[in-house]
1. Give me the distance between the Cα centres of segment 341-370 and segment 202-263, rounded to whole Å.
2. Using a 1.4 Å probe and counting only protein heavy atoms, arrange 133, 307 so the residue with the most accessible area comes first.
3. If R₀ is 30 angstrom, what is the calculated FRET efficiency for the pair residue 3 and residue 275, using the beta carbon separation as r and rounding to 0.05?
4. If I fit a long axis through the Cα atoms of helix 15-26 and take the longest principal axis of the Cα atoms of the chain, what angle between them do I get, 0 to 90°, rounded to 10?
5. So what is the calculated 222 nm ellipticity per residue for the chain, using -39500 (n - 2.57) for each DSSP H run with n of 4 or more, over all residues, to the nearest 500 deg cm²/dmol?
6. What is the chain's relative contact order, in percent, from Cα pairs under 8 angstrom and six or more apart in sequence?
7. Can you tell me what share of the DSSP beta bridges in segment 154-263 is antiparallel? A percent to the nearest 5 is fine.
8. For the chain, which whole-number percentage of the solvent-accessible area (1.4 Å probe, protein heavy atoms only) is attributable to carbon and sulfur atoms?
Amino acid sequence: MPSFDFDLFVIGGGSGGVRSARVAASLGKKVGIAEEYRYGGTCVIRGCVPKKLFVYASQYSEHFEDAAGYGWTVGESTFDWKKLIEAKDKEIARLEGLYRKGLDNAKAEIFDTRAELVDAHTVKLLKTGQTVTAETIVIATGGRPNLHTALPGHELCISSNEAFHLKELPKSILIAGGGYIAVEFANIFHGLGVETTLIYRGAEILSRFDQDLRKGLHEAMEEKGIRILCHDIIQSVEKTESGLSVRTKNDKVLTVDTVMLALGRTPNTESLGLQAAGVAINEQDAVIVDEYSRTSVPNIYALGDVTDRVQLTPVAIHEAMCFIETVYKNNPTRPDHELIPTAVFSQPEIGTVGLTEEDAAKRYPELEVYRAQFRPMKATLSGRTEKMIMKLIVNAADRKVIGAHILGHDAGEMAQLLGITLKAGCTKDDFDRTMAVHPTAAEELVTMYSPSYRIRNGERV
Ligand SMILES: Cc1cc2nc3c(=O)[nH]c(=O)nc-3n(C[C@H](O)[C@H](O)[C@H](O)COP(=O)(O)OP(=O)(O)OC[C@H]3O[C@@H](n4cnc5c(N)ncnc54)[C@H](O)[C@@H]3O)c2cc1C
């Protein structure tokens, strides 16, 4: 048996990397982990967490407006971007500390450096030039914003990374993209008082979500004052005296302070020594793995965004836990990517789990669709004209609920609980015999007694 410096070496200190390193170390394995930027990775440092803090900040403008309908007189309000950034940075530093502490307590060795593979068992730590060997290696290097270098003027644009550290809040912003990051930031900036435009090449934002919700959110965002340009893309960005001048494919010319590109993410596999180690990647530069997250080299595993399966924090963590079961607990476990509940922290929010109506119609001969659209109670006195949408997609053959989709306040929170019911295989009858919690918006999910319509062989009847 050759001897190695470590039982396990993890490259990347984000959601998946930290979880695999910490748990393996707590099982008594000798573990090393390297992170080139900050522990916590994308989610903690420049993803989910700071984004959600920004979402909260951006919601106050509506809270202040809504308060009047409930009898409050709110004095003149002002917003201080620098204060928000300072508070956010303090919280992120606290969380990063907790991640490091968790690793330290488990006795994993922490390296603050970029790491690259030299061969299947050797890792080079760039800060010191030192090489270390490990029996097993985990690649958990995540991804980064696609910089879109073919776009003339791309160097004048920002990505989500910079959005978390802008020195000043822009007066106007153009955000390119129709995915959840673009949509969330459009709502954040609008809520903070920035004149916001979203530009997206497709026919409708959020392409993988249920059509009803996409349309409902689009309308709600426009009603708030966010401009949405579909079927269009940025062709060039130029610096002028009055800001950035943007020309679009449809010959529109927009002048804005800031342009943010949210056009997808690229796996971090560049210069990682993958070829030297024999680790194969696909056309999108993602590490190719089998169903146990094992790469083309048997002792090297890859998990999280670098494998480009489902780019979400809980998925990276789940893949890490499956890796631990498989490699250190003699219990081969495949990550389960079915029925992943998820949210878009737009305003209104989206919460969803399971099949969209469109996908379910392709898969099952007959569906029952239960749909409710209503004004949430809070909006009555506030006078806001928002609508909530709730939808259950049911397979008529066995009455299983195969999709649940919500647009409105707390939709993300509801999606988490609906995720349990769908995972448990609950039927519509289980929903029907569940007592409502009154008065809530969620009670609508258990009080939609007859189908709004059916889909038979792909046709609405
Ligand atoms: C703006 C934004 C918002 C998001 N919001 C959500 C959300 O609301 N919910 C959700 O579930 N997901 C969200 N995500 C996605 C989520 O952040 C990722 O899916 C998750 O962080 C993936 O974890 P990971 O461990 O694969 O990679 P990461 O968390 O990206 O960690 C990889 C780490 O590896 C480091 N690294 C890279 N190369 C090297 C190297 N050679 N040597 C050493 N270190 C290296 C990087 O610096 C990074 O810290 C969001 C992402 C973004 C960008």
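1. 24 Å
2. 133, 307
3. Values: r = 26 Å, r/R0 = 0.88.
Calculated transfer efficiency: 0.70.
4. 50 degrees
5. On the way: 13 runs with 143 residues, N = 461.
Per the formula, -9500 deg cm²/dmol.
6. Details: 983 pairs, mean separation 66.5, N = 461.
Relative contact order here is 14 percent.
7. Numbers: 10 of 24 bridges.
If we restrict to bridges inside segment 154-263, about 40 percent are antiparallel.
8. In the chain, the share of accessible area belonging to carbon and sulfur is 50 percent.
The values are calculated or read from the model by the stated rules, or taken from the named source; none is laboratory data. Predicted model only: the values in this text are computed from it and were never measured. Quick reminder, even Gly has a Cβ in these numbers, built from the backbone with ideal geometry, and neighbours come from all protein chains shown. The area values use the complete protein model at the heavy-atom level, side chains included, leaving out ligands, DNA and RNA. Shrake-Rupley method; radii C 1.70, N 1.55, O 1.52, S 1.80 Å.
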